[in-house]
Amino acid sequence: MSDKAAAMLSRSEASPPARWTARSNVSPARIGLLALTTAVLIFLPFVVTGYVLYIANLLLVFVVLCLGLHLVIGETGQFALAHAAFYGIGIYTSGLAGNAFGWPFPMSMLLAGLIAGAVGVVIGAVALCMRDIYLALATFAFGEALQWVFLNWDKVTGGPNGLRISPARLGTLEILSDKQAYPVVAITTLLMLLLTILISRSRLGRSFRAVRESEVAAMAMGIPVRRAKVTAFGLSAFYAGVAGSMFATFSTYIHPDSLGFQTTILVLTMVVVGGLGSIAGAVGGAVVFGLISEFLRQTPSYQEIIYGLILIVFMMYAPRGLFAFIHDKAGRVFRG
Amino acid sequence: MADYLLQVEDLTVKFGGLTAVNRFNIAVQRGTIHALIGPNGAGKSTTFNCISRFYQPTTGRILLDGVDVTNMPASRMAGLGVARTFQNLELFGELTVFENVMIGAHVHAGKTWGDALSACPASVVDHVERLLERTGLSAYRNACARNLDFGHQKLLELARALAIRPRLLLLDEPAAGLRNREIAALDALLTDLCNREGITILLVEHVMQLVMAISHKVTVLNFGTKIAEGTPEEVRNDSSVIEAYLGQEMINA
């Protein structure tokens, strides 16, 4: 027996530690994908204008919303359904900071994220005592309650009349068009994307995934499970807050109707159909489904039905998500 | 006087009206392999889960290196150098083999927010790579843990626990379901961990081949109470043990 053990040991001591492989999941394909995304974002305003840029801005807001939901659902496996509420907090915070105090937009954006994140931590600390369907219902209830607040707190939110958002500003610069807003929105999106990649690859991201895969094993590895869940939930709320603030830079008006469960579900479908658990899936899902729902606006009476049908088709033929589906197909093509 | 790394004193665990463990005492000497055996339902796993802080005992004390850890949350135990494996595998199934072991090294990756967001220190990564090498899992490092065969999954759990760099390693039936060849390798590995690295091991096990070969001391539980304790030889020859539990198996052996 001891010979065998010695053999095992000597083998491990003989071979040098393979350091380079440790970071091997920085694959060229992934870097390429990130570079491509960046390039598209940079060149877009030179080729398109007007309405298309508005759509681009809107899609990027959805990308950030999806990245946030990806952290809590995709990475940590917690089905929290209050995303639109945090998005709303972001929009109102940012709008009010601009309207009332004339704050420069980077500050109001940060404030929007931090307030949404702080509310997220408080709600998360309570809701994340529950799991699965109970967690989903608790966060759903919070989302509904907050929409009710948006609708009825007339003095602050303008209630059912909605709220006019004054143009975002930085010093003497005022953002008055989609074209002017685009660089702000695009850079913020890129920063949030990089932050997501950083989190996902770090010890924090690993602890999130550990919680998703097995709470008992995570605990045995020294991961405080509750705290990891609340952190993920708080971060996702921060993302939603920032997304809200991004929306406020190119919008002049917000109505509480668009801050309900439907928006949460829209973001949820983007993340799930894009590919649960993958950043590329969350981004791809946001872009593809954002575009689809935008195109369907041309046919208002059939919009919901067609959208539903497309979803069903995706669920049937690409159940592991859009990204995995493309990945498999592309792999097959390259292999011949 | 013996040097005990782990002492369990008067441990009692009740589930409703059922007393699973009754005034149980065990002391695990530093640097030894100590086995906890007994028939099904004897309270081994309950005791084990109390020590790893997954269950809260009704009464009693658990001392780790003389420090009372009876009310310590389970997630703090890894930081104190206590690692465990699970009877029914609890791997991070969708993650790679490498990532599973990296999560084991969680407590060594720093504590601040900066640490949380930065890449893992190279020393930690090297340690993980060495553990993979040592458990023979290097070839599977990028495989999904869920797709490994059972024997490799068992090894992966062990590698993940070792990434904690434990003082005390708690193994819940490490040999269950393994083939003879795999048991022999496990036997060698555990002996080696104990002898060369001074890791103290407490294992709950049904596979007597392993228990008798590697244990320095064996404690026998039956119906929640200790019925015997001693060296493998002593326990093997103890009449109450033979009667209560080992009877058929040992006579056949």
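The values are calculated or read from the model by the stated rules, or taken from the named source; none is laboratory data. Treat the numbers as computed from the prediction; the structure is a model and nothing was measured. Neighbour counts are summed over all protein chains in view; Cβ atoms, including those assigned to glycine, are modelled from backbone coordinates with ideal geometry. Quick note on the areas: whole protein, heavy atoms, side chains included, nothing else; ligands and nucleic acids left out. Shrake-Rupley method; radii C 1.70, N 1.55, O 1.52, S 1.80 Å.
The number of residues in the range A:159-176 being assigned to a loop (DSSP other than H, G, I, E, B) and of a type in the set (S, T, N, Q) comes to 2. Checked against (1) within 7 Å of another protein chain (Cβ to nearest Cβ); (2) crowded, with 23+ Cβ neighbours inside 10 Å, A:ALA228 passes all but a single condition, namely (1). When we screen A:LEU191, A:LEU137 for residues that are within 19 Å of A:PHE62 (Cα to Cα), open to solvent by 50 Å² or more (accessible area, probe 1.4 Å) and modelled with pLDDT of 90 or more, the only hit is A:LEU191. Please work out which residue is surrounded by the fewest Cβ atoms within 10 Å (Cβ to Cβ), limiting yourself to the range B:62-86 and to residues that are within 11 Å of chain A (Cβ to nearest Cβ) and not in a helix (DSSP H, G or I). This residue is B:PRO73.
The set of residues from the range B:38-59 being hydrophobic (A, V, I, L, M, F, W, C) and either over 16 Å from the mean Cα position of the chain (by Cα) or not in a loop (DSSP other than H, G, I, E, B) (or both) comprises B:ALA42, B:PHE48, B:CYS50, B:ILE51. Remark: pairs (first residue in the range B:103-121, surrounded by 19 or more Cβ atoms within 10 Å (Cβ to Cβ); second residue modelled with pLDDT of 75 or more and among the β-branched types (Val, Ile, Thr); Cβ separation under 6 Å; 6+ apart in sequence or on different chains) = B:GLY104/B:ILE164; B:ALA105/B:VAL124; B:ALA105/B:VAL128; B:HIS106/A:ILE223; B:HIS108/B:VAL124; B:ALA109/B:VAL124.
The number of residues in the range A:168-187 that are in contact (Cβ under 8 Å) with a residue 24 or more places away in the chain and closer than 15 Å to A:ASN99 by Cα comes to 5.
Just to check your reading of the model, which residue among B:ASP149, B:ASP126 is away from chain A (no Cβ under 12 Å) and either closer than 20 Å to A:LEU204 by Cβ or free of Cβ contacts under 8 Å to residues at least 12 places away in the same chain (or both)? Just one listed residue meets the conditions, B:ASP149. When B:GLU205, B:GLU157, B:GLU197 are checked against the criterion of being open to solvent by less than 10 Å² (accessible area, probe 1.4 Å) and farther than 27 Å from B:PHE24 by Cα, a single residue qualifies: B:GLU157. Using the structure shown, decide if A:VAL126 is surrounded by fewer than 18 Cβ atoms within 10 Å (Cβ to Cβ) and at pLDDT 95 or above. Here the answer is no, as A:VAL126 does not meet what is asked.
Let me confirm something: among B:PHE98, B:PHE15, which residue is touching a Lys or Arg at 6+ places or on another chain (Cβ under 6 Å), farther than 20 Å from B:ILE199 by Cβ and open to solvent by 10 Å² or more (accessible area, probe 1.4 Å)? Walk me through it before giving the result.
On the way: B:PHE15 fails: touching a Lys or Arg at 6+ places or on another chain (Cβ under 6 Å).
Step by step, each of B:PHE98, B:PHE15 is checked, and only B:PHE98 is touching a Lys or Arg at 6+ places or on another chain (Cβ under 6 Å), farther than 20 Å from B:ILE199 by Cβ and open to solvent by 10 Å² or more (accessible area, probe 1.4 Å).
Taken over the range A:282-322, the residue count meeting the criterion of being open to solvent by 50 Å² or more (accessible area, probe 1.4 Å) and of a type in the set (Asp, Glu) is 1.
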